[in-house]
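Reviewing the structure listed below.
The values are calculated or read from the model by the stated rules, or taken from the named source; none is laboratory data. These figures come from a predicted structure and were not determined experimentally. Here the Cβ positions follow ideal geometry from the backbone for every residue, glycine too, while neighbour counts run over all protein chains shown. Surface accessibility is based on the protein's heavy atoms, side chains included, excluding ligands, DNA and RNA. Shrake-Rupley method; radii C 1.70, N 1.55, O 1.52, S 1.80 Å.
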Amino acid sequence: MKRLLALSAFLGLAACGQPADKPAETAAAPGTVTVADAWCRPTPNGAKAGGCYVTLTAGSDDRLLSVSTALAESAQIHEMKMENGVMSMSELKDGLPLPAGQKIELKPGSTHVMLMGLRDPLVDGGIASFTLTFEKAPAIGVHAAIKQPPVVDSEE
């Protein structure tokens with residue numbers, strides 16, 4: 001009987017929690033930045049540039065100032081935007097603002113990390129390591145999975 005009660009209590013508590021495939025989100029403590037969902041797109045042989053993506057949440061107002069890596073000659077925080085019907089990409093020279101508590105998603109077709117002068121291709125299944133430097137929070141080392149982007153179903 002005790003086992004049945006214990007099992008019932010466990011199942012009841014489990015049902016109230018997050019689904020097993022989606023971990024509970026945690027807020028970043030003041031003065032810190034949390035990093036989630038880091039990944040980079042594989043590059044074809046000979047490509048000299050590659051894109052990486054990540055979701056950042058700052059515990060207090062901060063700014064992503066720079067990115068560094070041994071994988072490339074340089075890394076920049078890039079912004080893509082549409083102007084007069086033309087897509088353009090440019091470096092955010094003053095960095096990327098991170099308002100407290102807001103998830104800032106660096107993603108394809110938007111703000112992203114651009115690795116330039118790649119020394120080797122980014123190979124599907126590998127790991128890309130880079131360091132994010134912030135205005136206030138301590139620098140964070142990131143190990144991003146190199147993988148194909150999710151396929152978006154355009155039929156609805």
Checklist line | trypsin sites (Lys or Arg not before Pro) within region 73-118: DSSP coil, no more than 15 neighbouring Cβ in 10 Å | finding: 93
Next item on the list: Please identify which residues in region 71-112 have an amide N closer than 16 Å to a label point set 7 Å out from the Cα of residue 60, following the Cα→Cβ vector.
Entry: 98-102
Check: How long is the gain from residue 87 to residue 119 if the chain were fully straight, where each residue apart is worth 0.36 nm and the alpha carbon distance is subtracted?
Finding: 8.8 nm
Item checked: Amide hydrogen neighbours beyond the local backbone of residue 122, cut-off 5 Å, H modeled -> 43
Notebook entry, point to check: Per the 1.4 Å probe, what fraction of the accessible area of region 51-156, in percent, lies on carbon and sulfur atoms?
Noted result: 50
Checklist line | Per-residue ³J(HN,Hα) for region 58-63, Karplus 6.51 cos²θ - 1.76 cosθ + 1.60, θ = phi - 60°, Hz, x for Gly and Pro | finding: 9, x, 8, 3, 8, 8
